[in-house]
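The structure appears below as structure tokens.
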Amino acid sequence: MTRTATALGIAAVLAVLSLVAVALGASFMSLDSVFASLFGTGSRSDQIIIWTLRMPRVLLAILAGAALGIAGTLLQRATRNPLAAPSVLGVVDGAALGVLLFLLFFSDDANALTVSVYWQPLAAALGACLFAAAVALLWWREMQSPMRLILYGVALAALANALVVLLIIAGPVFRASQALIWLAGSVHTAEWRDVQLLALCIAGLAIPALFLIRPLDQMRLDDQSARASGLSITATRIAALALSVLMTAAAVSVVGGIGFVGLIAPHLARLLFGSRIGAQMLGAALIGPIMIVGADLIARLAFQPLEVPAGALTALIGAPYFLYIMFRRGQAHA
């Protein structure tokens, strides 16, 4: 099967899954009603359900999955480590700390926010970028060792996670419950504002990512051969890491700490599309959305009327897969 046919097949799966996610929920809606509402001819109640509640949720899951899939692909290629994921750079935990500090400093004694909740994504993005910058500064003198980058990232992620736990324990119960939902990662509070914000971020970051396709393909060579071909390995690695951090920060700022998508999607994309970075990024941008839309759909249907975070499902699948990758790498180096 050609790469084009594979991409079309995965895109078709995503389209069908998205339609099912729009149709199913607390109230079932037939596909005829879905299409009628999408084209503006359905009943008013159906159109409200689809355009106000379900479409933003599905579109946000698609965009977040694409962003995390691309971010993971860039990170794994830049570090040449298949175990690398956006969360290892402290990005997700830094974003979580930003959210907790936002809830702590901008809540009154009645647990009500003193500023608009629309500032929360900015707090998450700032936390993510600050921790990623701290990792980069620690790694600056040892830039030839991608493994050092991951070790520093794991250490600072652990620090951020410890601070998050302390803030949850010390903070009000109401705010702690809000934070826990965000930490798990969820799209059930999606609004059109979130969709527009993330779409703009992805569109802006996709342009420089396209310019990195050729240099990152050269990085499939060893360092000496890559330099001989005229590649600046350090500049390419920094650019890829920066884009990975910004993509991740944009996604987690609106959907929370959904984990393992940035790890699994690039792996599956490499298996289906090969190791060329352009095809792999396209594959990850299609597989990531399938993971989040599918996880959110299962969480909605299996635990009604509760809203279980989609991140809980991706972690349930991703953690065993991570162990499997580690086991295979251990056997390969035995």
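The values are calculated or read from the model by the stated rules, or taken from the named source; none is laboratory data. Computed from a predicted model, the values in this text were never measured in an experiment. Quick reminder, even Gly has a Cβ in these numbers, built from the backbone with ideal geometry, and neighbours come from all protein chains shown. To get the accessible areas, we keep the full protein, side chains included, count just its heavy atoms, and leave off ligands, DNA and RNA. Shrake-Rupley method; radii C 1.70, N 1.55, O 1.52, S 1.80 Å.
Per-structure values
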{"quantity": "Qualifying position, being within 21 Å of the chain's Cα centre (by Cα), over 22 Å from Val187 (Cα atoms) and open to solvent by 90 Å² or more (accessible area, probe 1.4 Å), among Leu156, Leu130", "calculated": "Leu130"}
{"quantity": "Helices (runs of 4 or more DSSP H) wholly inside the stretch 169-239 containing at least 2 residues that are open to solvent by less than 80 Å² (accessible area, probe 1.4 Å), of a type outside the set (Gly, Ala, Ser) and at pLDDT 90 or above", "calculated": "192-211, 213-218"}
{"quantity": "Selection from the stretch 131-167 of residues that are of a type in the set (Lys, Arg) and in contact with a helix residue (DSSP H, G or I) (Cβ under 8 Å, 6 or more places away or on another chain)", "calculated": "Arg148"}
{"quantity": "Of the criteria (1) touching a His at 6+ places or on another chain (Cβ under 7 Å); (2) within 16 Å of Met281 (Cβ to Cβ), which one Gly65 fails", "calculated": "(1)"}
{"quantity": "Only one of Ala21, Ala7, Ala15 that is under 16 Å from Leu286 (Cβ atoms), modelled with pLDDT of 90 or more and exposed (fewer than 15 other Cβ atoms within 10 Å of the Cβ)", "calculated": "Ala15"}
{"quantity": "Residue ID - modelled with the highest pLDDT, chosen from residues in the stretch 141-153 that are part of a helix (DSSP H, G or I) and open to solvent by 70 Å² or more (accessible area, probe 1.4 Å)", "calculated": "Leu151"}
{"quantity": "Some residue of the stretch 283-296 being surrounded by 24 or more Cβ atoms within 10 Å (Cβ to Cβ) and over 18 Å from Val58 (Cβ atoms)", "calculated": "yes"}
{"quantity": "Residue within the stretch 241-249 that is surrounded by fewer than 20 Cβ atoms within 10 Å (Cβ to Cβ) and out of contact with any Lys or Arg (no Cβ under 8 Å at 6 or more places or on another chain) present", "calculated": "yes"}
{"quantity": "Residues within the stretch 298-323 that are hydrophobic (A, V, I, L, M, F, W, C) and buried (at least 22 other Cβ atoms within 10 Å of the Cβ), tallied", "calculated": "3"}
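Rundown of residues vs (1) part of a helix (DSSP H, G or I); (2) touching a residue at least 60 places away in the same chain (Cβ under 8 Å), yes/no style:
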| position | (1), (2) |
| --- | --- |
| Gly257 | no, yes |
| Leu263 | yes, yes |
| Met281 | yes, yes |
| Leu286 | yes, yes |
| Leu316 | yes, no |
